[in-house]
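Asks: Below are the structure tokens for one structure; questions will follow.
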Amino acid sequence: MMRFASFRRRRPTAPMVVALIALFVALGGPAQAERVVSGVAAKLKHGSVTSRQVKDHSLKIGDLSRKAVRKLQRTPRGSVSERQLRNGAVTPGKIARGAVRSTAIADRAVRGGDIALGAVGSLEVADGSLTGADITDGGLDARDIGRFWGHFSITLGTVAPGKCWQGDPVGLAPERSGADISGDLVKVTPGAAWPNTLTFAARVSTTRSRFTILACNPTGVEAGGLSVPFNYVIIHVP
């Protein structure tokens, strides 16, 4: 009994394609070779053509898939360094909020003109870091140094010659908050209506949330009997 060997059809490989093209160019010319290439290319095994068989710089954008083009256009993470950035190319709009920290800023590099009004609050200033040289002359008011401050008016009674008058302003901020100001510095200034014939003083009251106004008449005639406006500030003494 005769036995016949079985043959399995194999897909052409890249070297085989090159050899066939060379043969048909020699036998039938370029036109015949083009027809052979078109037929054989359809039968190439997937993945059988590698970069070794592709001529350098011969591929164009149209030869690449859309996915490959998008990947090539994407900037890899960490690939852009300082050398690739043009001076002045990065503007504030390109920087994420909070991205620049103190470690990224050179010492003494930030000046007053670089800080927006109101951008620096008490939380950004370390305790004890400011001195008088850091504060603009006349830049502080009662709100910056006083524990309490405000205005009030009292009706000053008639003060006989050689006598004194005293009274506590009531309902001021320290009393409303229930604060103890007996150990604080109390500064009170009367308005222009205060009589020149009377002396003036302010002292701690027997009520710990108040202070006392004291007026004395060193002259030989009566004085007072009018309403006088006052300003006050109370400074905590540690």
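The values are calculated or read from the model by the stated rules, or taken from the named source; none is laboratory data. All values derive from a computational prediction rather than experimental measurement. Reconstructed Cβ throughout: ideal geometry from the backbone, glycine too, with neighbour counts over all protein chains shown. To get the accessible areas, we keep the full protein, side chains included, count just its heavy atoms, and leave off ligands, DNA and RNA. Shrake-Rupley method; radii C 1.70, N 1.55, O 1.52, S 1.80 Å.
Asks: Given the conditions (1) farther than 22 Å from S227 by Cα; (2) at pLDDT below 90; (3) surrounded by 10 or more Cβ atoms within 10 Å (Cβ to Cβ), which single one is not true for G157?
Replies: The failed condition is (1).
For every residue, the table says whether it meets (1) open to solvent by less than 60 Å² (accessible area, probe 1.4 Å); (2) part of a loop (DSSP other than H, G, I, E, B).
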{"site": "V120", "(1), (2)": "no, yes"}
{"site": "L140", "(1), (2)": "no, yes"}
{"site": "W149", "(1), (2)": "no, no"}
{"site": "V188", "(1), (2)": "yes, no"}
{"site": "F200", "(1), (2)": "no, no"}
{"site": "G220", "(1), (2)": "no, yes"}
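Asks: Can you tell me which residues in segment 151-183 are outside any helix (DSSP H, G or I) and without any contact (Cβ under 8 Å) to a residue 24 or more places away in the chain?
Replies: Residue satisfying the conditions is G171 alone.
Asks: Any idea how many residues of segment 211-230 are of a type outside the set (A, V, I, L, M, F, W, C) and free of Cβ contacts under 8 Å to residues at least 60 places away in the same chain?
Replies: Total meeting the criteria: 5.
Asks: In segment 174-186, which residues are within 40 Å of the chain's Cα centre (by Cα) and open to solvent by less than 70 Å² (accessible area, probe 1.4 Å)?
Replies: The answer is P174, E175, G178, A179, D180, I181, D184, V186.
Asks: Moving to a separate point now. For segment 71-118, give me each residue that is at pLDDT below 80, open to solvent by 100 Å² or more (accessible area, probe 1.4 Å) and among the polar types (S, T, N, Q).
Replies: The answer is Q73, Q84.
Asks: Limited to segment 202-215, what total is found for residues that are part of a loop (DSSP other than H, G, I, E, B) and either farther than 10 Å from D168 by Cα or among the hydroxyl-bearing types (S, T, Y) (or both)?
Replies: 5
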